Amino acid sequence: MIDDKFTQTVINNTNIVDLIGSYISLKRSGSNYKACCPFHEEKTGSFMVSPSKQIYKCFGCGKAGNVITFVRDYEKISYMDALKKLAERINLEIPDNKKNSKKDSKLELIYKIYSLTNEYYVENLKKHGNLAKKYLASRSISEETITKFNIGYALDSFSGLKKYLQRNQINNNILVETGLFKAKDNNVYDMFRDRIMFPIFAINGKVIAYGGRAYTAEQEKIGKYINSPTTPIYIKSKELYGLYHSRFDISKKNYAIIAEGYLDFLRLWECGFTNSVASLGTALTDEQIQLLGRYTKHINILFDGDKAGKNAAIKAAGIAVKHGLNAKIIQLPENEDPDSFLINNPPMALQHLIDNALTLNEFLKMNQNLIETREAIDYLIDISKQMTDPISKDLFLKDISESFKIQESSLREQIAKQSFVQGHDVQKPKKFEFKKSIAEENLIQSILQNNNIIKKVLQEIDFDYFINEDMRIIFKILSDNQDFDYNERTAEFLNKFDNEDLRNKVSGFFLADAFEFDVDDLILQIKVRKYQEDINIINEEITKNPDNAELYERKIFLKREIQALSKSVVHKTLF
């Protein structure tokens, strides 16, 4: 079972400079290393790696963490997958979970079968796929792209793949479960035959499914594509073609282009749009949008220019907006798809369309032949009702109002009516308050740079004295780990912060230039501010209960405390 001790072993035995240096180019800068941040585009490097503390921090975008969070965020995999990958890197055996070992071994076998199948199809294209290669060449798919995406060929045989797997000691009993075979009259046979094979990679880089394309008119009569069914390792609605290869560029460019098919994606890639994915030829799903949302919040939908493509784009954009993403629709000429457009036009022509892509509201306004105005507004209102972030929802309603020249109050009234009919309360926007205390941040930084201070501080105040919520949480974690050596075990300490924003702030404190603050003065400032905040709360209570003598007594006591403390405060308290 993987526990904290195992995690610590991985962190302590992985050199962060060697690890990050295997992904990006690092340059020494004093006692640290610098680079252009891999998580956002920048011209001047603000990404710093500290070998002494075994942590990293970008002072541009704020990203920070240790070796595990770097692999997790860079490769966009789960924390546990990143931990396992690092364990394998240092040849550390991963503890078994006996309860799931039988299930895991079955899944690993299916993964192995797909790996063998991929090798088989790739080799077939080289040796036996002359007609298939001619077809790919006619579609202007280069040898480089064929190799990069492991495009292969399935022989015109009912048992070619089956015999290949048998030669590699794969038992027939598992074959049907892989989705690569079918069974009839107790006979198992290859499902994909005489097709160009497009492997679908999971985000961990493993092949998990296939799309088999016809390359002659005769084959297309049977079906242009034959696609893998759902299997223990593949659910079509949860995967995106090309994401494994494009995920880094999507994150770096901070926007993604979504096309519909394999060849559309490959054409985009060939033309330099390496931040693209394809929806596997089906309508975009909630799961696919949520998966893409891990890499960027900005989506550009590039579907066919015909009526069906436009309607599909409207639905896709609606799903993206509902999940809080910024969605735009790229308008192609009516008789074009992404593949044909880029065959007939230079990449800069598509870039121009991307730069002028329309929001969902704008697209509906400009394409009223697709959907009547009232129907479009009702559709947009329905999307707004499903949005969970109140700020995004307010901005979306404002956009609808401006696009269709409708009073925002009318839109909200319509939502209220619909919510009342459906028996739901109208969701009120959350009230946000922004508070910051320089003294609190300076005290946290002092503790992190000298963990001997924590015990002294805890004799004077606890986490309730912190008004800034982030600082309060950080101080609580510090107080719960008084004996933890933050400076010697910095990378391990960051693991105690599940919240990325907090982890980024703590990393910034660790890597900030050392400055000796007057800790006693900071404590006094925090106390004074806390008491003043308490007085504000008491004043509100007195308004409600003017005859409550205890409230007045408490207020007088706090004022005396503030007066006594203020005489000792060296610096002016900041509000």
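A few comments on the model shown:
- Any hit, the stretch 196-216, residues being surrounded by fewer than 17 Cβ atoms within 10 Å (Cβ to Cβ) and touching a strand residue (DSSP E or B) at 6+ places or on another chain (Cβ under 8 Å): no
- Residues in the stretch 230-248 that are buried (at least 17 other Cβ atoms within 10 Å of the Cβ) and of a type in the set (D, E, K, R): LYS236, GLU239, ARG247.
- Screening GLY508 with (1) over 29 Å from the mean Cα position of the chain (by Cα); (2) in a helix (DSSP H, G or I) gives one miss only, at (1).
- Among the candidates GLU41, GLU93, the residue that is closer than 18 Å to PHE248 by Cα, part of a loop (DSSP other than H, G, I, E, B) and of a type in the set (Asp, Glu) is uniquely GLU41.
- Pick from the stretch 367-389, criterion in a helix (DSSP H, G or I) and of a type in the set (S, T, N, Q), ranking: farthest from GLU413 (Cα to Cα): THR373
- Among (1) free of Cβ contacts under 8 Å to residues at least 40 places away in the same chain; (2) among the β-branched types (Val, Ile, Thr); (3) not assigned by TED's automatic domain parsing to the domain that holds THR296 - the single one THR359 does not satisfy: (1)
- The one condition in (1) under 22 Å from ARG529 (Cα atoms); (2) part of a helix (DSSP H, G or I) that GLU460 fails to fulfil: (2)
- Selection of the stretch 19-38 for residues being surrounded by 13 or more Cβ atoms within 10 Å (Cβ to Cβ) and touching a Gly at 6+ places or on another chain (Cβ under 9 Å) yields TYR33, LYS34, ALA35, CYS36, CYS37.
- Every residue from the stretch 310-330 that is more than 16 Å from MET387 (Cα to Cα) and either free of Cβ contacts under 8 Å to residues at least 24 places away in the same chain or surrounded by fewer than 19 Cβ atoms within 10 Å (Cβ to Cβ) (or both): ASN311
- When the residues of the stretch 549-575 are filtered to those that are assigned to a helix (DSSP H, G or I) and among the aromatic types (Phe, Trp, Tyr), the one that is modelled with the highest pLDDT is PHE557.
- Flag if ALA514 is outside the structural domain of THR14 (by TED's automatic domain parsing), modelled with pLDDT of 85 or more and among the hydrophobic types (A, V, I, L, M, F, W, C): no
Residues checked against (1) under 23 Å from GLY211 (Cα atoms); (2) in the same structural domain as PHE149 (by TED's automatic domain parsing); (3) crowded, with 20+ Cβ neighbours inside 10 Å:
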position	(1), (2), (3)
GLN288	yes, no, yes
GLY293	no, no, no
ALA308	yes, no, no
GLN351	no, no, no
PHE363	no, no, yes
GLN368	no, no, no
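- Only one of ILE523, ILE537 that is more than 30 Å from TYR56 (Cβ to Cβ), β-branched (Val, Ile, Thr) and surrounded by fewer than 16 Cβ atoms within 10 Å (Cβ to Cβ): ILE537
- Checking ARG294 against (1) more than 19 Å from GLY261 (Cβ to Cβ); (2) in contact (Cβ under 8 Å) with a residue 60 or more places away in the chain; (3) touching a helix residue (DSSP H, G or I) at 6+ places or on another chain (Cβ under 6 Å), the condition it does not meet: (3)
- The stretch 473-499 - residue that is without any contact (Cβ under 8 Å) to a residue 24 or more places away in the chain and either touching a Ser or Thr at 6+ places or on another chain (Cβ under 7 Å) or assigned to a helix (DSSP H, G or I) (or both) and, of those, nearest to LYS527 (Cα to Cα): LYS476
- Residue within the stretch 490-503 that is buried (at least 18 other Cβ atoms within 10 Å of the Cβ) and among the acidic types (Asp, Glu) present: yes
- One residue from GLU239, GLU143 being among the charged types (D, E, K, R) and under 26 Å from ALA317 (Cα atoms): GLU239
- Condition check for LYS148 on (1) under 30 Å from CYS271 (Cβ atoms); (2) buried (at least 16 other Cβ atoms within 10 Å of the Cβ); (3) modelled with pLDDT of 95 or more: one failure, at (2).
The values are calculated or read from the model by the stated rules, or taken from the named source; none is laboratory data. Small disclaimer: the values here were computed from a predicted structure and weren't measured. Every residue, glycine as well, gets a Cβ built from its backbone with ideal geometry; the counts of neighbours run over all protein chains shown.
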